[in-house]
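K.L.:
Structure below; questions to follow.
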């Protein structure tokens, strides 16, 4: 008798990283069940999978009770608004999916005896006073600031995941995901990289907040997906940083994108948003040690792949607009 294929549930599976995970697990031979209410995700990210016998999309808000018939081997909880534009527009939804959504996803995994992986975030570190950020750092988060709705939702989700692991002996994993980029990012998601690409490709000036000296570290989505896949199969239950330690300033990124696109854009400066982190760089020593993982896509190569995608998106917007 042939072995049963693994069944993997991905919440937020129509989002940027979630949709790449749907591809990854379908290609690995799993049956994938994607749950997403399309608040910030897009059906276009998964339309190439629709109609396959090994993929199912369910339009669903995971803050409600989650029922999936039959066995489930893996639950990956990626449902959440994930950019400042989104979670400032949907603050209550962001808190609910981090709290109630995590509770419901953990409940499904516990009921099915499945492995569970939480998509946490480098924002758990807030505006860090330790640099680069190791997993042992507890962070510097303003719980009542505008960004607190995302930061604290993810910190609560981590605490809840560890409580289920310790109380119920569940096989849980926590990925602290640092800035990730690549195809399927939304042009208007508000993050620096897609914004710069959109502005440069439209011939607009690039908007840099503050003096541009704040740093970020960008990981290509293909590398991130590989890290998540390895973490899910690992024996590590404490949080693991996943990201690319190749740090640069936002001003440097803006200049790189102007050069890459050949745009004639200038750089204009706007006030820094409240609680915007001054630095962000993952310490990935733990990921190297326990997962044998580190990013392999140079930024120059990743940005070229992203440029092809954003150029297509801007062209489509011009045709449709």
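The values are calculated or read from the model by the stated rules, or taken from the named source; none is laboratory data. Computed from a predicted structure; not experimentally measured. Positions of Cβ are generated from backbone atoms using ideal geometry, with glycine treated the same way; all protein chains shown enter the neighbour counts.
K.L.:
How about segment 36-133: which helices (runs of 4 or more DSSP H) wholly inside it have at least 3 residues that are closer than 15 Å to residue 156 by Cα and at pLDDT 95 or above?
P.N.:
91-96, 102-112
K.L.:
Look at segment 167-218 and say how many of its residues are touching a residue at least 40 places away in the same chain (Cβ under 8 Å), outside any loop (DSSP other than H, G, I, E, B), closer than 30 Å to residue 117 by Cα and within 20 Å of the chain's Cα centre (by Cα).
P.N.:
So the count comes out to 14.
K.L.:
Then there's this: Kindly evaluate residue 304 against the criterion of being in a helix (DSSP H, G or I), modelled with pLDDT of 95 or more, over 25 Å from residue 154 (Cβ atoms) and out of contact with any helix residue (DSSP H, G or I) (no Cβ under 6 Å at 6 or more places or on another chain).
P.N.:
Yes: the conditions hold for residue 304.
K.L.:
Given the options 274, 261, name the one that is over 16 Å from residue 181 (Cα atoms) and either in contact with a strand residue (DSSP E or B) (Cβ under 6 Å, 6 or more places away or on another chain) or at pLDDT below 95 (or both).
P.N.:
274
K.L.:
Only one of these conditions is not met by residue 152: (1) within 25 Å of residue 233 (Cβ to Cβ); (2) buried (at least 22 other Cβ atoms within 10 Å of the Cβ); (3) at pLDDT 95 or above. Which number is it?
P.N.:
The one condition residue 152 does not meet is (1).
K.L.:
Identify, please: which residue in segment 266-281 is in contact with a helix residue (DSSP H, G or I) (Cβ under 9 Å, 6 or more places away or on another chain) and within 14 Å of residue 141 (Cα to Cα) and is, among those, surrounded by the most Cβ atoms within 10 Å (Cβ to Cβ)?
P.N.:
Among those that are in contact with a helix residue (DSSP H, G or I) (Cβ under 9 Å, 6 or more places away or on another chain) and within 14 Å of residue 141 (Cα to Cα), it is 280.
K.L.:
Here is a follow-up. Considering (1) surrounded by fewer than 20 Cβ atoms within 10 Å (Cβ to Cβ); (2) modelled with pLDDT of 95 or more; (3) out of contact with any strand residue (DSSP E or B) (no Cβ under 7 Å at 6 or more places or on another chain); (4) within 25 Å of residue 225 (Cβ to Cβ), say which one residue 138 fails and leave the rest.
P.N.:
Unmet condition: (4).
K.L.:
Within segment 73-89, can one find any residue that is more than 16 Å from the chain's Cα centre (by Cα) and within 15 Å of residue 150 (Cα to Cα)?
P.N.:
yes
K.L.:
Out of the residues in segment 1-11 that are touching a residue at least 40 places away in the same chain (Cβ under 8 Å) and either touching a strand residue (DSSP E or B) at 6+ places or on another chain (Cβ under 6 Å) or more than 22 Å from residue 113 (Cα to Cα) (or both), which is surrounded by the fewest Cβ atoms within 10 Å (Cβ to Cβ)?
P.N.:
Selected residue: 5.
K.L.:
Any idea which of 49, 76, 88 is touching a residue at least 12 places away in the same chain (Cβ under 8 Å) and within 20 Å of residue 112 (Cα to Cα)?
P.N.:
Only one candidate passes the filter, namely 76.
K.L.:
Could you please find all residues in segment 74-113 being touching a helix residue (DSSP H, G or I) at 6+ places or on another chain (Cβ under 8 Å) and under 17 Å from residue 22 (Cα atoms)?
P.N.:
Those that are touching a helix residue (DSSP H, G or I) at 6+ places or on another chain (Cβ under 8 Å) and under 17 Å from residue 22 (Cα atoms): 74, 75, 76, 77, 78, 79, 80.
K.L.:
Another question, then. List, please: which pairs have Cβ atoms under 9 Å, are six or more places apart or on different chains, and start with a residue in segment 286-310 that is on the phi < 0 side of the Ramachandran plot and without any contact (Cβ under 8 Å) to a residue 60 or more places away in the chain and end with one that is exposed (fewer than 11 other Cβ atoms within 10 Å of the Cβ) and part of a loop (DSSP other than H, G, I, E, B)?
P.N.:
Pairs that qualify, where the first residue is on the phi < 0 side of the Ramachandran plot and without any contact (Cβ under 8 Å) to a residue 60 or more places away in the chain and the partner is exposed (fewer than 11 other Cβ atoms within 10 Å of the Cβ) and part of a loop (DSSP other than H, G, I, E, B), are 290/235.
K.L.:
Here are 236, 226, 252: which of them is assigned to a loop (DSSP other than H, G, I, E, B) and at pLDDT 95 or above?
P.N.:
Of the residues listed, the single one that is assigned to a loop (DSSP other than H, G, I, E, B) and at pLDDT 95 or above is 236.
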